[in-house]
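Below: one structure, written as structure tokens.
The values are calculated or read from the model by the stated rules, or taken from the named source; none is laboratory data. Fair warning: this is a prediction, and the values are worked out from it, not measured in the lab. Cβ placement follows ideal geometry from the backbone for every residue including glycine, while neighbour counts extend to all protein chains displayed.
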């Protein structure tokens, strides 16, 4: 039951993000410390804005499971639930 | 864990309802937010506030025309980088529609901030991001005059260059001593990155020299990684003396560059004293610092636990498990901005999740990192999410260390662009 409610909260926040789109969901604002928000920056770390939602989710799942090699993303991905990753990915997909 | 988060949400609602004055936006006026301090925390927050809600009138109060970044300043000390690469102006921040008031904030009351010239800036919400001040009363013999002989170089700028010049002027075979403070202090891995890059300089240019770290602690950030790298890169050159082996410096004599411990005295050719610290001065003036010298905050909004409608972010804040780093400051700034924007409309702030990533260079092509994910705990602190975070793997190949060194530089370009670019 706790899980159902948590999932409902997750969906609600995705819906809210899609409608309002102003405020990033929990955790999303921190990503731009390393993932450049601006196209001006040269970095091996990819921009997240406008990326495919499913691709971001898959990357986070693979970092978390160890399927995908990482330097820090394995350690960071373990700090997020599936619902949070979905919300973050949905929000970045709508950003320019 | 889910249940405790929901409990927290409920607590947050109750607390913010109790503290909220009439939201400015609900009254139809453009809400005014003043941010004091233009570092990674303050400048990021000012920008994030404008992004969150363009109706907010944001003023950034900063005494200096140029910001000099601490991250990578150890590379300047080690001769690997020029100070100009650390410096940023506020031109692009101002171009975002933020009023940049180039002045020292001298007083704070419940309605306004007073500047050195007597001007008053009224606010609906105030964000203090003052960084650190040196505790000049904490280490006998170490005052501002002593810092001209034994630089701290813990606020980047002239002090950074002074330490570099002293190293450059030293004859080969000299003893360099770094004194590292007890927790908490700005940039926990910083003293050890600095030791590494000074050791790199000595090994390259003055190989008969020695470097000693006198430490007031028995453990430090990324310790095993640093020590493994030191054994590999700087054997016989770099010695770490922990608290339990007499590392705590109890007084200094600047005239002779001597550092005293309970176990003896060390006369250095170059001495870098990283002294005890506290929140920047305005935190004390505003009444948001407690007996520790740092600022207790609500982990959802970063609102002070001591003064309503004043928020504290960055190194000055007591942010639970989050370290005092530029990444953490930037992450807190964006979280705080989102919360302030909501509070100004009378809405309830969302429960945040924050990230920290800190890179350290052990050599120009040898980087290591620590990362963490944080959320408010039931006890009202920012706590690490269980199972997340940690340091770079021990025993990783040099290619991994080289990759992290490149990522460190990319991180600096990215975060300084977001904050100042």
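Name, by its number, the condition in (1) surrounded by fewer than 24 Cβ atoms within 10 Å (Cβ to Cβ); (2) more than 15 Å from residue A:25 (Cα to Cα); (3) touching a residue at least 12 places away in the same chain (Cβ under 8 Å); (4) at the interface with another protein chain (Cβ under 8 Å from one of its Cβ atoms) that does not hold for residue B:345.
All conditions pass for residue B:345, except number (4).
Could you figure out which of (1) more than 8 Å from chain A (Cβ to nearest Cβ); (2) buried (at least 21 other Cβ atoms within 10 Å of the Cβ) isn't true of residue B:389?
All conditions are met except number (1).
Tell me the residue from B:55, B:47, B:92, B:81 that is in a loop (DSSP other than H, G, I, E, B) and more than 30 Å from residue B:192 (Cβ to Cβ), please.
None of the others qualify; the one that does is B:55.
Among (1) closer than 29 Å to residue B:292 by Cβ; (2) in contact (Cβ under 8 Å) with a residue 12 or more places away in the chain, where does residue B:101 come up short?
Status for residue B:101: all satisfied but (1).
Is there a residue in the stretch B:189-205 that is assigned to a loop (DSSP other than H, G, I, E, B) and under 24 Å from the mean Cα position of the chain (by Cα)?
yes
Only residues that are closer than 28 Å to residue B:401 by Cα, more than 11 Å from chain B (Cβ to nearest Cβ) and either modelled with pLDDT under 95 or surrounded by 14 or more Cβ atoms within 10 Å (Cβ to Cβ) (or both): list them for the stretch A:67-84, please.
A:68
Which one of these does residue B:73 not meet: (1) free of Cβ contacts under 8 Å to residues at least 60 places away in the same chain; (2) buried (at least 19 other Cβ atoms within 10 Å of the Cβ)?
(1) is the only condition that residue B:73 fails.
Suppose we filter B:371, B:338 for residues that are facing chain A (nearest Cβ under 9 Å) and closer than 25 Å to residue B:76 by Cα; which single one remains?
B:371
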